[in-house]
């Protein structure tokens, strides 16, 4: 959950939509909200006030949401602010353009408070750009100019930007049927239960409770003539509440007069079906409408995937640049040194050649891991089981980190040698296990205070398991999100990708990782369970 004091700037040229977004945010208990009627006004506000999140419509006169995004990302002071674009755009080319410009996430209209909150949380967790972005030249958006409008003062890098505006089948649509007659509820429920999730209400007040909830229906079949509160009043109140305002309504009623039909249409009904119902008419109407709703949901999902895959590519690029720098520098240094040693020190030359070979292999393994992680994220990873000497790999990783963190004087209690006989093995890929161990052991050494203790031991059983315990309990505020992407705490320069990638790699190898903490002992324990022979 985001803090309720999160500072949010809402940007939309349509007052009603701006008010709707603000209303949604207030229903989620956010208090520190400011509004701007276009990108230019937002840009001026950003010069004097600090914000934690920007929610901006795409299509606006004077300065569009995309132009504002580019201005923010090009600013040395503002470029790290999470930026959510709210749009009805269906053009993948333009969505790709927003992603390339550094958007943190996309919200497709119409949306509900729960959907908005989910994407706000995602946007706030995204690692910001490493530096201000200078956008590449792109094809201009279609423009909608405002007469005599004064051009906004934006950075030079963006002066060319446009000025335009818990169910078994969780993907099934939810249908709310509202009728005071039990026979009608039973009949219509039976008619649609095989295709949709069904909720029923036998009175107007109950229907509104469902529509106002965090899990509102996708479509309402609403009777008009009901006691206490008729269907007209239910529809009117739905249109006044931010959660239910956009839910489509089909009146199912015995009323057939034109006045009733006009009143229903004025309340936002999209169709009338007369009683007694004809299933051959009602079912296609519901199906056609919900097909549109499902396509809208799929569009949001597709755009979320596009944003995530682009972000993943950036993460992989960052890891390659960062993680390969050390080994490559080592190769260069060794090569230079071997040139001088070749004639006089043959034994040292041989050892140096072995080090070059080992370091080069480490670089190749890093590329393999980066590629595997990308395939896992995009759903293209294929598990190729092989016997892997995990004892040997872990020994190598531990020794390397003992030397690296020697100055911390950490005591290592490690049971890394198997009993006599054939060492137990795990099933998977050696390069991936190397990366998993490297991330987790590095985290353990970093988290352990100077003079602290790390205990590492294999549990020789079926399945094979590995326990890593270090002093220093994971802070309470990140325990539930310990394995999530970008989660880090108190580590300067930390990317929050180490434990995330370790967990994803372990799961791709058909194993698992669990984390537990002990407040009494001030320790954190990671338990890895390895896959065995099928």
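The values are calculated or read from the model by the stated rules, or taken from the named source; none is laboratory data. Predicted model, so just to flag it, every value in this text is computed and none were measured. Here Cβ is always computed from backbone atoms with ideal geometry, including for glycine, and neighbour counts include all displayed protein chains.
Here are the numbers for this structure:
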{"read-out": "Breaking point among (1) modelled with pLDDT under 85; (2) touching a strand residue (DSSP E or B) at 6+ places or on another chain (Cβ under 9 Å); (3) not in a loop (DSSP other than H, G, I, E, B), for residue 23", "value": "(2)"}
{"read-out": "Some residue of the stretch 255-262 being closer than 28 Å to residue 105 by Cβ and outside any strand (DSSP E or B)", "value": "no"}
{"read-out": "Unmet criterion (only one of (1) modelled with pLDDT under 90; (2) outside any helix (DSSP H, G or I)) for residue 446", "value": "(2)"}
{"read-out": "Any hit, the stretch 94-104, residues being assigned by TED's automatic domain parsing to the domain that holds residue 23, at pLDDT below 80 and part of a loop (DSSP other than H, G, I, E, B)", "value": "no"}
{"read-out": "Residue, nearest to the chain's Cα centre (by Cα), within the stretch 449-463, restricted to residues that are modelled with pLDDT of 90 or more and outside any strand (DSSP E or B)", "value": "449"}
{"read-out": "Single condition residue 222 does not satisfy, out of (1) surrounded by 15 or more Cβ atoms within 10 Å (Cβ to Cβ); (2) closer than 27 Å to residue 28 by Cα", "value": "(2)"}
{"read-out": "Test: residue in the stretch 29-44 that is crowded, with 21+ Cβ neighbours inside 10 Å and within 30 Å of residue 479 (Cα to Cα)", "value": "no"}
{"read-out": "Qualifying residue in the stretch 250-260 (condition: exposed (fewer than 14 other Cβ atoms within 10 Å of the Cβ), at negative phi, touching a strand residue (DSSP E or B) at 6+ places or on another chain (Cβ under 9 Å) and at pLDDT below 75)", "value": "yes"}
{"read-out": "Residue within the stretch 153-161 that is within 23 Å of residue 243 (Cα to Cα) and either at pLDDT 90 or above or out of contact with any helix residue (DSSP H, G or I) (no Cβ under 6 Å at 6 or more places or on another chain) (or both) present", "value": "no"}
{"read-out": "From 63, 120, residue being at pLDDT 85 or above, buried (at least 17 other Cβ atoms within 10 Å of the Cβ) and within 20 Å of the chain's Cα centre (by Cα)", "value": "120"}
